[in-house]
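Participant: One structure is given below, represented as structure tokens, and several questions about it will come after.
Bear in mind these aren't lab numbers, they're just calculated from the coordinates by the rules spelled out. Only a predicted model underlies this, so the values are computations on that prediction, with no experimental measurement involved. Using ideal geometry, Cβ is built from the backbone for each residue, glycine included, and neighbour counts are taken over all protein chains shown.
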Amino acid sequence: MRREAKGKCGRCASRWPVDGFRECVYIRSVPVKKIQVGQVWKKIDTGESFLVTKTYNEALTTFAVLRKTGSETDPPIRIKVAKTAAASELPGFTYAQESEEF
């Protein structure tokens, strides 16, 4: 009797196991495909969390407007989005949505 493999992991075709711990540098630094309003990003230097409140295009450049979480009085900051062929990222920030630390 022959069984068909559903995926490399043998469980399903849409899920693949990750062969690393969540603390692994690679797992933490994978850029997102698209920067969207509502995403939470952490500043690498300070560890502070920022919420994306707006994205807009200016000429051929995309900018994201970030506001520090929990602080409505601080002015928002504008960051130029770094785009590659497969992903987008904010220089000096890391995507924190998957993290429980914000």
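Participant: Considering only segment 64-85, how many residues are in contact (Cβ under 8 Å) with a residue 24 or more places away in the chain and either aromatic (Phe, Trp, Tyr) or not in a strand (DSSP E or B) (or both)?
Facilitator: Just the residues of segment 64-85 that are in contact (Cβ under 8 Å) with a residue 24 or more places away in the chain, to begin with: 64, 66, 69, 77, 81, 84.
Those left that are additionally either aromatic (Phe, Trp, Tyr) or not in a strand (DSSP E or B) (or both): 69, 81, 84.
Adding up the residues that qualify gives 3.
Participant: Checking the condition over 24 Å from Lys33 (Cβ atoms), polar (S, T, N, Q) and without any contact (Cβ under 8 Å) to a residue 40 or more places away in the chain, which residue from Thr46, Thr61, Thr55 passes? Before the answer, list the steps.
Facilitator: On the way: Thr61 fails: over 24 Å from Lys33 (Cβ atoms); Thr55 fails: over 24 Å from Lys33 (Cβ atoms).
Step by step, each of Thr46, Thr61, Thr55 is checked, and only Thr46 is over 24 Å from Lys33 (Cβ atoms), polar (S, T, N, Q) and without any contact (Cβ under 8 Å) to a residue 40 or more places away in the chain.
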